[in-house]
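The values are calculated or read from the model by the stated rules, or taken from the named source; none is laboratory data. Being a predicted model, the structure only gives us computed values, none of them experimental. As a convention, Cβ positions derive from the backbone with ideal geometry for all residues, glycine included, and neighbour counts pool all protein chains shown. Quick note on the areas: whole protein, heavy atoms, side chains included, nothing else; ligands and nucleic acids left out. Shrake-Rupley method; radii C 1.70, N 1.55, O 1.52, S 1.80 Å.
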Amino acid sequence: MNAAQMVTALKEKFGDAVLSTTEFRGEQTLHVTLASAKPLLKYCRDELSFDYLVDISTLDHMGEEPRFEVVYEIYGYGHHEHLRVRAKIPDGEDVPTVCDVWPTANWHEREAWDMMGVKFAGHPDLRRILMWEGYPFFPLRKEFPLAGKPSDMPEVGFTNVAPMADGPFVTSAGGKDTVAREPRAKKAE
């Protein structure tokens, strides 16, 4: 069964939960309700052999309602088919976690929370993964300024001497090849 046939089977199985489908350059996308996303994804794993969660990402449709959307990219190693599942997130709702479907979703969901502020209900450890705890903003939202926002955090890279400065190893930035540029012990002076 190819991805287009799988989309047809999913439309028959999930009915009105599949809002629409899109095919672009051979890639199949299902637009589904948020409530049906997890059962549909679990069905894709268990019955259609989509055994690899490639990515979870989020979109910010600032100015539209609902504003946010979650996108799942899944793949099956047995049949080599790819499928995209998208669900808009109504205001005030959390996205059900799929960590119990694919354990690798853990970090993808943490990144979506950290960068976009999308919460995942039932996530075992929903905390920041790239920004520090307590950071009050979500850098991938469209209202976040490109130059960033001022912070009380010190410029760590410029507060003290770099940890390896004058350390036991040296590199030769202008070495003739990669072997000459590799870190090595300093010669005794």
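Some points to look at:
- Solvent-accessible surface of protein heavy atoms, probed at 1.4 angstrom with all chains present, puts 99, 44 in the order 99, 44, largest first.
- Rounded to the nearest 10 Å², the accessible area of residue 20 at probe 1.4 Å: 50 Å²
- The apolar share of the surface of region 49-128, taken as the fraction of accessible area on carbon and sulfur atoms (1.4 Å probe, ligands and nucleic acids excluded), comes to 52 percent.
- Test item: Cα-centred dipole of region 1-109, Lys/Arg +1 and Asp/Glu -1 on Cβ, debye: 260 debye
- Overall form of region 1-56 per C-alpha gyration tensor (a/c, 1.5; a/b vs b/c): rounded
- In Å², nearest 10: area of residue 127 left accessible to a 1.4 Å probe: 110 Å²
- About the Cα centre, charge dipole magnitude for region 104-144 (Lys/Arg +1, Asp/Glu -1 at Cβ), debye: 100 debye
- Members of 13/142; 42/142; 11/119; 88/149; 42/119 lying beyond 25 Å, as alpha-carbon distances in this model show: 13/142; 42/142; 11/119; 88/149
- Listed residues 115, 1, 131 arranged by accessible area, highest first, probe 1.4 Å: 1, 131, 115
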